[in-house]
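The structure appears right after this line, and notes come after that.
Taken together, the values in this text are just the output of simple stated rules run on the coordinates, not laboratory data. Since we're looking at a predicted model, the values are computed, not measured. Virtual Cβ from ideal backbone geometry, glycine too; neighbours counted across all protein chains shown.
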Amino acid sequence: MWATPAARLWVPLLYRAARLCQRALPALARRLNAAAMRRLHTHQALDDINLTLLPGESLGIIGLNGSGKSTLLQIIAGVLPPSTGSVRVHGRVAALLELGSGFNPDMTGRENVYINAAILGFERHRVDSLIDRIIAFAEIGDYIDEPVRTYSSGMVLRLAFAVQVHVEPDVLIVDEALSVGDAQFQAKAMARIEEILANGTTLLFVGHDLNALRAFCQHAMLLEKGRVVMQGLPEDVITAYLQDIQRGVLSARGRDASALVSVADGFAHGKTRVLEARFDDDSSHCTLRFAERVTIHLALSLDSGIGAPGIIVDVLDLKGLQVSGRRVALPAAPHVSMLNLRLQLSAALQKGVYRIRTRIVDAPSLEQTVVLARHEGGLSFEVIDDSRDRFTGLFELPMQVDILP
């Protein structure tokens with residue numbers, strides 16, 4: 001039971017004792033130092049990280065668990081010191097890391113707001129002008145004057161988030177913070193971050209919500225075991241990240257993960273891939289009126305041995321958010337086969353540019369679906385009619401409306 005506390009306390013003291021004895025008793029010092037080194041474990045969480053962000057730029061950082069994402073943000077936020085190297089940040093930093101960890105549970109929510117804002121450099125009269133907006137944003141009502149220890153975990157997170165996003169940061173650091181609260185609060189949180197970014201704030205974003213990364217970030221970085229393995233546009237980095245994940249899924253299910261290879265617009269497994277995607281006129285882009293029909297032609301190659309082949313065709317907006325999609329079951333074949341598909345869809349969407357993504361899967365069930373090939377694809381189309389007078393959002397929901405007397 002005492003091993004861990006003893007190790008934590010004893011090793012630094014022993015190491016210091018060895019340093020003190022080094023001149024007077026060198027032999028003893030060597031023995032003490034060797035004993036200390038046997039108990040010390042060094043883990044290099046980050047290695048050779050270099051990045052520069054200008055005002056108004058946004059960077060998304062993704063990677064598997066343990067890749068060093070949160071450590072990097074904590075160093076930039078000043079929570080952890082770097083072992084080597086340096087970090088220079090110009091301006092006020094708001095870090096959405098472990099929200100609520102800095103609150104005093106015996107103080108009221110209001111008192112904690114003032115203390116946290118003061119730590120961030122805000123004078124009391126500035127906080128006075130913001131306090132009502134912070135309370136309204138956090139949606140905790142009269143609890144603002146109750147001790148924080150009486151709050152639910154969700155209330156603490158919402159209040160901490162509200163403080164950080166109302167202090168006009170020059171640099172905003174977000175680590176999975178958009179998962180706070182219910183769906184309604186999350187939507188409000190994302191809208192607030194968009195407002196902050198529009199004012200020229202620099203954003204560093206870490207999270208597993210790839211749609212949020214697509215929506216907020218101009219650049220992306222992929223970390224693997226503490227090293228940067230890829231930097232570039234969010235969609236390209238996300239595709240590489242998903243390929244890494246899929247390689248692990250294939251290995252876990254006894255499939256040949258080494259057959260997963262990168263292709264121009266995604267990844268493929270063996271011979272399973274989309275060979276061609278085009279519209280009727282052989283183009284990769286077309287312009288459409290509202291609800292105009294468009295035909296898509298796909299040429300596929302399928303490896304043998306896929307028990308339940310299928311293809312998922314998704315329609316995405318410019319931010320990469322999925323608008324809709326369709327799952328299509330494909331015939332299984334004992335040998336490598338070629339298939340040609342023709343899909344027709346109605347572009348009953350709001351004005352804007354959309355693109356087509358395809359995924360070839362082996363799907364004996366929804367829960368057992370394995371993605372074998374993913375193509376972000378070069379297909380896109382633009383709907384030129386503004387339909388905001390007909391419906392809100394991106395597409396029209398079938399609805400019957402009766403005005404009753």
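Give, as a single signed number, the net charge of other residues whose beta carbon lies under 15 Å from the beta carbon of GLU224, with Lys and Arg counted +1 and Asp and Glu -1.
On the way: positive: LYS69, LYS225, ARG227, ARG247; negative: ASP47, ASP48, ASP244.
Result for the local shell: +1.
If you take every residue apart from ASP385 with its C-beta less than 13 Å away from the C-beta of ASP385, what net charge results, scoring Lys and Arg +1 and Asp and Glu -1? Mind dumping the intermediate values first?
Working: positive: ARG289, LYS351, ARG388, ARG390; negative: GLU292, GLU382, ASP386, ASP389, GLU396.
Computed value for this residue: -1.
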Ordering of 210-222, 153-165, 341-353 by packing [mean C-beta count within 10 Å, highest first]: 153-165, 210-222, 341-353
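Can you tell me the length gained on complete extension of the stretch ASP142 to HIS335, counting 0.36 nm per residue apart and subtracting the Cα distance?
Working: separation 193, 0.36 × 193 = 69.48 nm, distance 6.78 nm.
Here the answer is 62.7 nm.
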Among ARG38, ARG357, ARG149, residue whose mean-square fluctuation peaks in a GNM of the chain (springs only between Cα atoms under 10 Å): ARG38
Residues SER380 and ALA198, FRET efficiency given R0 of 30 Å [Cβ-Cβ distance, rounded to 0.05]: 0.70
Cα-based helix-to-principal-axis angle, 26-39 vs the chain, degrees rounded to 10: 30 degrees
Between the range 280-351 and the range 43-58, the alpha-carbon center distance in angstrom: 38 Å
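Helix-only estimate, please: 222 nm mean residue ellipticity of the chain, summing -39500 (n - 2.57) across DSSP H runs of length 4 or more and dividing by its residues, to the nearest 500.
So the calculated ellipticity at 222 nm is -10000 deg cm²/dmol.
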Length gained when the stretch ILE245-ALA187 is fully extended (0.36 nm per residue, less Cα-Cα span): 18.2 nm
Sequence of SER262, SER86 once ranked by neighbouring C-beta atoms within 10 Å, starting from the fewest: SER86, SER262
Segment ASP256-ARG92, extension gain: residue separation times 0.36 nm, minus the distance between their alpha carbons: 54.2 nm
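What does the net charge come to around LEU120 if you take all other residues with beta carbon closer than 13 Å to its beta carbon, with K and R at +1 and D and E at -1? Display every interim value, and only then the final one.
On the way: positive: ARG92, ARG124, ARG126; negative: GLU123, GLU168, ASP170.
Charge balance near LEU120 sits at 0.
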Qualifying lysines (Cα of each under 26 Å from Cα of LYS188; at least 8 residues distant if same chain): LYS69, LYS319, LYS351
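Only Cα pairs under 8 Å and at least 6 apart count here; give the relative contact order of the chain as a rounded whole percent.
Values: 703 pairs, mean separation 55.9, N = 405.
Normalised by residue count, the contact order of the chain is 14 percent.
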Leading residue at positive end of dipole, the range 85-215 (Cβ point charges), from THR150, ALA212, ILE135: ALA212
Alpha-carbon centroid distance for the pair the range 120-164 / the range 243-275, whole angstrom: 47 Å
Pairwise FRET efficiency - ASN211 versus ILE115, Cβ, R0 = 35 Å, nearest 0.05: 0.50
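Once you charge only the Cβ atoms, +1 for Lys and Arg and -1 for Asp and Glu, what is the size of the charge dipole of the range 162-260 about its Cα centre, to the nearest 20 debye? Before the final figure, lay out the partial values.
Values: 8 positive and 13 negative charges, 82 e Å.
The calculation lands at about 400 debye.
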Those aspartates and glutamates that a straight Cα-Cα span of less than 18 Å connects to LYS271, excepting residues fewer than 8 apart in one chain: ASP256, ASP303, ASP362, GLU376
Between helix 3-24 and the chain: long-axis angle, C-alpha atoms, 0 to 90°, nearest 10: 50 degrees
For ALA95, distant residues with modelled amide H under 5 Å away: ILE173
Label-point separation, ARG31 to ASP132 (7 Å along Cα→Cβ), nm: 7.4 nm
Equivalent ellipsoid semi-axes, the range 163-279, via Cα gyration tensor eigenvalues times 5, rooted, Å: 33, 16, 15
Distant-in-sequence amide H partners of LEU80 (H built 1.01 Å from N, under 5 Å): ILE75
Contact order normalised by residue count of the range 161-316, Cα under 8 Å, 6+ apart, percent: 12 percent
Distance (nanometres) between label positions extended 7 Å along Cα→Cβ at ASN65 and LEU397: 3.5 nm
Per-q log10 I(q)/I(0), the chain, q = 0.10, 0.12 Å⁻¹ (Debye; single scatterer per alpha-carbon; no solvent): -0.90, -1.13
